[in-house]
Ligand SMILES: [Fe+2]
């Protein structure tokens, strides 16, 4: 245990350390970028929301714990399992770092479980930050690994879960290259339909 470091800072460091080992190249940047979007959307976001933003996808970083898409017939069921597994792993980190504040621990767990679907003002904020970060940093690398059809499906899914405010922000993002710009435009049209 590192002496002289605040417990919540230890949690942040541990989350960053685990995500740095991910085999998915965009994961570390997506983690910090989701936190950046959260703070742009709500500069007063508290420590609980910030930890949830930083660690919401942490299960993808540990192969032994990773939820596998092929094990689920339904994409939403896969995403729900992904969210719950990440929440469980964050719970373990919070406990390992000696966080005893049950309200804080419970809220991080709840927010991460809801980070794909939202449902209240705080989890909706996390959904927006996560989705905006997907379009901001994940999209080019996701498209490299997946077919155009799958990339388009993922973009439409991402647009549909954005709030009106976040949709306006997403419309102003400029992806690198014409192909991605066309893909995003097509996704926006389909999401609106
Ligand atoms: Fe994410």
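All of the numbers you see were taken from the coordinates with simple rules; none came from a lab. Bear in mind the structure is a predicted one, so any value in this text is a computation, not a measurement. When we count neighbours, we look across all protein chains shown, and the Cβ atoms used for this are built from the backbone with ideal geometry, even at glycine.
Show me 5-14, 123-132 ranked by packing, highest mean number of other Cβ atoms within 10 Å first.
Working: 5-14: 15.7, 123-132: 23.4.
So the peptides 5-14, 123-132, ranked by packing, come out 123-132, 5-14.
If you line up the long axis of helix 102-113 against the longest principal axis of the chain, both from Cα atoms, how many degrees apart are they, to the nearest 10?
20 degrees
Given the options 95, 85, 50, state which has the largest fluctuation in a GNM of the chain using a 10 Å cut-off (strictly under) for Cα springs.
The residue with the greatest mean-square fluctuation here is 95.
What ranking do 180, 51, 168 get, fewest neighbouring Cβ atoms within 10 angstrom at the top? Mind dumping the intermediate values first?
Values: 180 17, 51 25, 168 10.
Ordered by Cβ neighbours within 10 Å, fewest first: 168, 180, 51.
When the Cα centres of region 164-180 and region 53-129 are compared, how far apart do they sit, in Å?
Distance between centres, Cα-based: 26 Å.
Helix 7-20: angle to the longest alpha-carbon principal axis of the chain, degrees 0 to 90, nearest 10?
Here the helix axis deviates by roughly 40 degrees.
Starting from the 7 Å offset along Cα-to-Cβ, what nm value, one decimal, do you get for the label separation of residue 189 and residue 147?
So the two model labels end up 2.1 nm from each other.
Between residue 84 and residue 173, what is the label-point separation in nm under the 7 Å Cα-to-beta-carbon projection?
Label at residue 173, label at residue 84, 2.8 nm between them.
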